[in-house]
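One structure below.
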Amino acid sequence: MKILRKVRPEFVDKRGGITRLYDKKTDFKSVLLITSKKGMVRSNHYHKKDTHWIYVVSGKMEYYEKPVKGGRIKKTVLEPMDMVYTPAMMIHAVKFLKDSVLLALSTQARDQKDYEKDTVRMKLVPDNL
């Protein structure tokens with residue numbers, strides 16, 4: 001599990017700060033702002049090709065992952081300024097412990113048709129509905 005904790009501004013002055021969330025040679029094709037309510041579960045799937053980083057803007061969540069080809073479930077708690085990387089072929093799920101706001105930076109387009117072709121639904125964490 002690749003996690004960056006408490007990603008802090010690298011530049012701060014009287015105007016505010018600048019925080020580098022990501023600065024590598026990755027071709028992101030979508031950036032999503034996601035809101036979720038306390039107690040809700042999202043994801044419970046894996047992607048065949050897509051990889052993504054999730055940055056927690058506000059709230060608190062449990063993040064779960066497990067390789068498609070076996071292995072054990074790993075779990076961590078993410079809070080504001082934490083980031084987690086999800087590679088392709090990794091089953092992942094998120095349970096929200098507080099109302100939350102996230103940024104998801106993805107390497108594949110997120111229009112619904114392409115997203116559904118790349119997504120395989122799984123039950124890693126029981127749904128809340």
Across (1) under 25 Å from R20 (Cα atoms); (2) without any contact (Cβ under 8 Å) to a residue 40 or more places away in the chain; (3) open to solvent by less than 40 Å² (accessible area, probe 1.4 Å), V77 clears everything bar (3)
Residues of segment 59-80 being touching a Ser or Thr at 6+ places or on another chain (Cβ under 8 Å) and at positive phi, in sequence order, are G59
The correct count of residues that are over 17 Å from M40 (Cα atoms), among the acidic types (D, E) and either part of a loop (DSSP other than H, G, I, E, B) or touching a Leu at 6+ places or on another chain (Cβ under 9 Å) (or both) in segment 108-129 is 1
Selection from segment 43-65 of residues farther than 13 Å from D99 by Cβ and open to solvent by 50 Å² or more (accessible area, probe 1.4 Å) yields K48, K49
Of the listed residues (L78, L33), the one being within 12 Å of the chain's Cα centre (by Cα) and closer than 21 Å to D127 by Cα is L78
Looking across segment 1-38 at residues that are small (G, A, S) and within 16 Å of P80 (Cα to Cα), the single one that is modelled with the highest pLDDT is S36
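The values are calculated or read from the model by the stated rules, or taken from the named source; none is laboratory data. Given the structure is predicted, the values throughout are model-derived calculations rather than measurements. Neighbour counts run over all protein chains shown; Cβ positions are idealised from the backbone, glycine included. We work out accessible area using only protein heavy atoms, side chains counted, and drop any ligands, DNA or RNA first. Shrake-Rupley method; radii C 1.70, N 1.55, O 1.52, S 1.80 Å.
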